[in-house]
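Peer 1: Quick one: the structure is below, questions incoming.
The values are calculated or read from the model by the stated rules, or taken from the named source; none is laboratory data. In this text, all values refer to a predicted model and were calculated from it rather than measured experimentally. Glycine gets a Cβ as well: all are built from the backbone with ideal geometry, and neighbour counts include every protein chain shown. In case anyone asks, the SASA skips ligands and DNA or RNA and just uses the protein heavy atoms, side chains included. Shrake-Rupley method; radii C 1.70, N 1.55, O 1.52, S 1.80 Å.
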Amino acid sequence: MNALAKVAPLKLDRTRQSAPQVFEALRELIVSVQLEPGTVLQRAELADHFGISQTPIRDALLRLGEEQLVDIFAQHATVVSRIDLSAALQAHFLRRSIELEILATLCKLPDAEHQQLMQRLNANLAEQEAALKPLDVSKLALADQAFHREMYEAARVGPLWNLVRKQSGHVDRLRRLHLPDEGKPQAIVRDHGAIVEAIARKDAQAAEKALRQHLAGTLAFVDDIRQRYPDWIVSDAR
């Protein structure tokens with residue numbers, strides 16, 4: 001069966017290069033857990049689906065391989081990888097380290113920049129709250145990503161977001177498995193609200209505490225997630 005048979009049709013922008021678009025589309029399908037570990041990604045099927053040659057498909061798959069989201073077996077097959085807990089923990093460490101420094105920077109912004117940031121963060125919070133009623137997991141996940149990226153941009157370290165994102169495929173998949181759990185969406189929005197309130201007061205200590213709690217939310221439930229999705233996770237992490 002075609003790996004994309006059960007997902008919504010994907011269309012490419014013919015004014016842009018194909019390979020980056022295919023990469024982003026497949027990456028989102030993997031990170032949003034629409035493509036399960038072990039799913040075979042065949043170049044011919046993907047080329048037919050996107051209506052392009054196999055060359056950009058190959059390039060996109062190689063990029064996914066660099067992020068360890070697929071396992072590439074030369075002359076055989078490319079399959080969606082299992083979630084590597086070691087990689088997830090390392091990505092969590094990297095993101096937490098960077099974002100703690102970002103929060104310290106944001107709490108020292110000049111008043112005019114600080115006010116503009118607060119307007120953007122509060123607008124994003126409103127989007128997150130709207131995604132709760134009724135619950136729209138995809139919309140909430142996008143708003144969550146935008147929330148954090150907004151802070152990187154405000155701290156003038158936007159390129160670091162791309163670095164973090166490149167390393168975060170495994171931990172992001174864990175979060176998407178955990179996101180639909182009862183109370184988890186509401187907890188995400190509450191945590192973001194606490195971060196925003198602390199930034200508003202320019203209270204770096206409170207912002208740090210709120211961020212640590214927020215980023216640790218999914219990892220605290222790793223054992224439960226692993227028990228419910230044993231075929232999804234490589235469980236040799238310590």
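Peer 1: Does A155 fit the bill of being within 24 Å of V171 (Cα to Cα) and under 18 Å from the mean Cα position of the chain (by Cα)?
Peer 2: In short, no.
Peer 1: Search region 43-64 for residues that are under 24 Å from I83 (Cα atoms) and pair each with any residue that is open to solvent by 70 Å² or more (accessible area, probe 1.4 Å) when their beta-carbon atoms are under 6 Å apart and the residues are at least 6 apart or on different chains.
Peer 2: Sorted first by the residue in region 43-64, then by its partner, the pairs are R43/Q54; I57/R43.
Peer 1: So is A60 of a type in the set (A, V, I, L, M), surrounded by 15 or more Cβ atoms within 10 Å (Cβ to Cβ) and over 23 Å from Y229 (Cα atoms) or not?
Peer 2: yes
Peer 1: Assuming L160 fulfils every condition listed in (1) open to solvent by 40 Å² or more (accessible area, probe 1.4 Å); (2) in a helix (DSSP H, G or I); (3) out of contact with any Phe, Trp or Tyr (no Cβ under 7 Å at 6 or more places or on another chain); (4) aliphatic (A, V, I, L, M) apart from one, which condition is it?
Peer 2: Answer for L160: the failing condition is (3).
Peer 1: A follow-up question, please. Report every pair of residues separated by at least 6 positions or lying on different chains whose Cβ atoms are under 6 Å apart, first residue within region 70-85 and more than 15 Å from R176 (Cα to Cα) and small (G, A, S), second at pLDDT 95 or above and surrounded by 21 or more Cβ atoms within 10 Å (Cβ to Cβ).
Peer 2: Final answer for the pair search is S81/L69; S81/V70.
Table: residues versus (1) under 30 Å from V70 (Cβ atoms); (2) without any contact (Cβ under 8 Å) to a residue 24 or more places away in the chain.
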residue: D136; (1), (2): yes, yes
residue: V171; (1), (2): yes, no
residue: P180; (1), (2): yes, no
residue: Q186; (1), (2): no, no
residue: A206; (1), (2): no, yes
residue: D223; (1), (2): yes, yes
residue: Y229; (1), (2): yes, no
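Peer 1: May I pose another question? For the list (1) surrounded by fewer than 20 Cβ atoms within 10 Å (Cβ to Cβ); (2) modelled with pLDDT of 95 or more, I need the number of the one condition that Q54 fails.
Peer 2: Only one criterion is unmet by Q54, namely (2).
Peer 1: Within the group L100, L29, L109, which residue is touching a residue at least 24 places away in the same chain (Cβ under 8 Å), assigned to a helix (DSSP H, G or I) and in the same structural domain as A210 (by the TED database)?
Peer 2: Criteria check complete, one pass: L100.
Peer 1: Would you confirm, using the coordinates I've provided, whether A44 is in a helix (DSSP H, G or I) and open to solvent by less than 20 Å² (accessible area, probe 1.4 Å)?
Peer 2: no
Peer 1: Right, next: Among the candidates R165, R226, R190, R176, single out the residue that is charged (D, E, K, R), in a helix (DSSP H, G or I) and closer than 16 Å to R96 by Cα.
Peer 2: From the options R165, R226, R190, R176, the qualifying one is R165.
Peer 1: Report whether or not A200 is of a type in the set (A, V, I, L, M, F, W, C), in contact (Cβ under 8 Å) with a residue 24 or more places away in the chain and surrounded by fewer than 20 Cβ atoms within 10 Å (Cβ to Cβ).
Peer 2: Yes: the conditions hold for A200.
Peer 1: What are the residues in region 53-74 that are among the aliphatic types (A, V, I, L, M), part of a loop (DSSP other than H, G, I, E, B) and touching a Gly at 6+ places or on another chain (Cβ under 7 Å), if any?
Peer 2: Matches in region 53-74: L69 only.
Peer 1: Among the residues of region 193-223, which ones are basic (K, R) and assigned to a helix (DSSP H, G or I)?
Peer 2: K209, R212, listed by residue number.
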